[in-house]
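So the structure is just underneath, and the comments pick up after that.
The values are calculated or read from the model by the stated rules, or taken from the named source; none is laboratory data. These figures come from a predicted structure and were not determined experimentally. No Cβ is skipped: glycine too gets one built from the backbone with ideal geometry, and neighbour counts run over all protein chains shown.
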Amino acid sequence: MKLGYVLHFYDEDRSPQEMVRAHYSSYWQYKALLRLGVELYVFYRYHREEIFEYEGVQCYFLKDDLPPYLKPHHRAKRYNEQVAEYVASLSIDLIHAHNQNRPIAHFDLQRRCVGTAYVVQDHGGYAYIKMPRWQRYFLKGIDRLLVAAEGMEEGLLQHRIIPKEKIRYVMEASSEFEYNQAARGSLEGSPVFLFVGNLKANKDPLTVLKAWAQVSDKGDSHLHFVYKETDLEAQLNQLIADYSLEGNVHMHGFVPRERMADLLSAADYIISASHKEGSGYAIMEAMSVGCEPIVTDIPSFRTLTGKGEIGTLYPPRDVHRLAAIINGKLAQHSLDRETVSTFFTRHFSYDIIATRLLEIYHDALRQKHGNHETK
């Protein structure tokens with residue numbers, strides 16, 4: 001199969017080679033698709049043209065004058081014209097594009113590639129819906145819409161933007177992290193509870209800290225926060241002082257990604273209080289190294305944990321329930337790391353996701369062209 005992977009955004013501060021590697025979830029997905037024998041062509045919108053091969057992937061950075069991140073009304077005419085020319089000259093079978101919140105850009109590219117199957121992968125978890133009538137019109141011709149977990153498509157169905165028969169479920173990313181035994185003990189506490197996420201209302205670190213304050217006997221356990229955005233940092237620091245938690249709560253701030261595998265290897269539990277998530281990168285990375293998840297009962301986490309088969313789910317904003325879960329974990333040993341990491345690899349490795357994507361591609365092609373074999 002010849003696959004065209006189309007991206008409509010770019011990072012103006014990075015070179016093309018840096019962009020390919022920096023978008024790590026896409027990079028590892030490329031490699032998994034290549035292992036399945038897919039002939040892969042990746043198209044990037046950029047401020048200049050550059051074409052090269054990167055570890056078996058044919059990369060096309062095509063010049064466009066629009067800003068790095070398109071608005072929903074942007075058509076991306078110049079970029080789409082160039083992509084369509086390559087789709088035709090390379091005889092690409094299927095286009096895998098991203099983000100349904102750019103419906104006009106998808107519509108424009110699709111009409112230039114008549115006869116080529118067109119799949120759109122949604123990111124961010126909950127559909128961008130502002131003008132359902134127009135979204136319904138501009139997205140009506142796509143062959144499949146991919147969302148990470150069942151339940152994330154409800155807004156699209158409610159507004160009749162996409163029919164249910166076109167929706168398929170596949171996790172949007174995975175993790176290449178490996179457990180590092182040598183990192184054990186590098187975070188203070190036994191056991192170690194870890195929160196990884198921006199200090200914003202949707203991530204709800206306040207619920208985590210309030211629950212921690214209610215834990216009756218913390219023993220030697222410690223809670224660690226790792227974050228980049230600091231919106232609620234002052235409130236958290238005030239609560240730490242108010243509850244006299246300075247001895248067992250640690251605010252680490254930003255930690256570079258190259259250190260995260262070791263940090264997660266040092267933790268026993270990963271806690272999230274998110275109200276919604278597109279997938280949950282921190283949870284996937286934690287599970288891949290065997291860190292047990294304590295997470296909210298939302299669609300993406302329900303999927304990642306097998307509906308609570310691995311780890312524990314609790315209702316968003318429920319401080320008392322989260323405190324009770326932590327108390328329970330302190331009273332008994334966590335799942336062994338191998339059980340968690342094996343579950344994750346079996347269901348959500350890049351190879352598993354690539355296999356699922358290939359099934360979806362063939363399904364879309366069969367519907368587009370009948371039961372003929374793809375190239």
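Some values worked out for this structure:
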item	result
Residue match in region 299-320 (condition: closer than 23 Å to A182 by Cα, in contact (Cβ under 8 Å) with a residue 40 or more places away in the chain, out of contact with any His (no Cβ under 8 Å at 6 or more places or on another chain) and not small (G, A, S))	no
Filter pass, E18 being touching a residue at least 12 places away in the same chain (Cβ under 8 Å) and surrounded by fewer than 14 Cβ atoms within 10 Å (Cβ to Cβ)	no
G151, sole failed condition from (1) touching a strand residue (DSSP E or B) at 6+ places or on another chain (Cβ under 7 Å); (2) part of a loop (DSSP other than H, G, I, E, B)	(1)
Condition check for E233: over 30 Å from H347 (Cα atoms), under 20 Å from the mean Cα position of the chain (by Cα), in contact (Cβ under 8 Å) with a residue 12 or more places away in the chain and surrounded by fewer than 20 Cβ atoms within 10 Å (Cβ to Cβ)	no
Number of the exception - G280 against (1) at pLDDT 95 or above; (2) under 17 Å from the mean Cα position of the chain (by Cα)	(1)
Answer residue from region 58-71, given it is touching a helix residue (DSSP H, G or I) at 6+ places or on another chain (Cβ under 9 Å) and surrounded by fewer than 17 Cβ atoms within 10 Å (Cβ to Cβ) and is modelled with the highest pLDDT among those	K63
Among residues of region 228-247, those that are part of a loop (DSSP other than H, G, I, E, B) and of a type in the set (A, V, I, L, M, F, W, C), counted	2
Identity of the residue in region 186-210, outside any loop (DSSP other than H, G, I, E, B) and of a type in the set (A, V, I, L, M), that ends up farthest from P315 (Cα to Cα)	V192
Enumeration of residues in region 201-238 that are under 19 Å from N327 (Cβ atoms) and of a type in the set (D, E, K, R)	K210, D217, K218, D220
Answer residue from region 187-214, given it is loosely packed, with under 14 Cβ neighbours inside 10 Å and polar (S, T, N, Q) and is farthest from V226 (Cα to Cα) among those	S190
Identity of the residue in region 236-261, of a type in the set (D, E) and more than 20 Å from D220 (Cα to Cα), that ends up nearest to the chain's Cα centre (by Cα)	E258
Members of region 327-338 that are surrounded by 13 or more Cβ atoms within 10 Å (Cβ to Cβ) and free of Cβ contacts under 8 Å to residues at least 60 places away in the same chain	L335
Pick from region 311-326, criterion surrounded by 20 or more Cβ atoms within 10 Å (Cβ to Cβ) and closer than 17 Å to H275 by Cβ, ranking: farthest from the chain's Cα centre (by Cα)	L322
Number of the exception - D336 against (1) out of contact with any helix residue (DSSP H, G or I) (no Cβ under 7 Å at 6 or more places or on another chain); (2) within 19 Å of M171 (Cα to Cα)	(2)
Residue match in region 112-124 (condition: buried (at least 19 other Cβ atoms within 10 Å of the Cβ), of a type in the set (F, W, Y) and at pLDDT 90 or above)	yes
Search result, residues across region 44-57 that are farther than 12 Å from V20 by Cβ and surrounded by 13 or more Cβ atoms within 10 Å (Cβ to Cβ)	R45, H47
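Okay, residues lined up against (1) over 20 Å from N202 (Cβ atoms); (2) in the same structural domain as A105 (by TED's automatic domain parsing); (3) touching a residue at least 60 places away in the same chain (Cβ under 8 Å); (4) charged (D, E, K, R):
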{"site": "W134", "(1), (2), (3), (4)": "yes, yes, no, no"}
{"site": "F138", "(1), (2), (3), (4)": "yes, yes, no, no"}
{"site": "G141", "(1), (2), (3), (4)": "yes, yes, no, no"}
{"site": "R144", "(1), (2), (3), (4)": "yes, yes, yes, yes"}
{"site": "E153", "(1), (2), (3), (4)": "no, yes, no, yes"}
{"site": "Q158", "(1), (2), (3), (4)": "yes, yes, no, no"}
{"site": "I167", "(1), (2), (3), (4)": "yes, yes, no, no"}
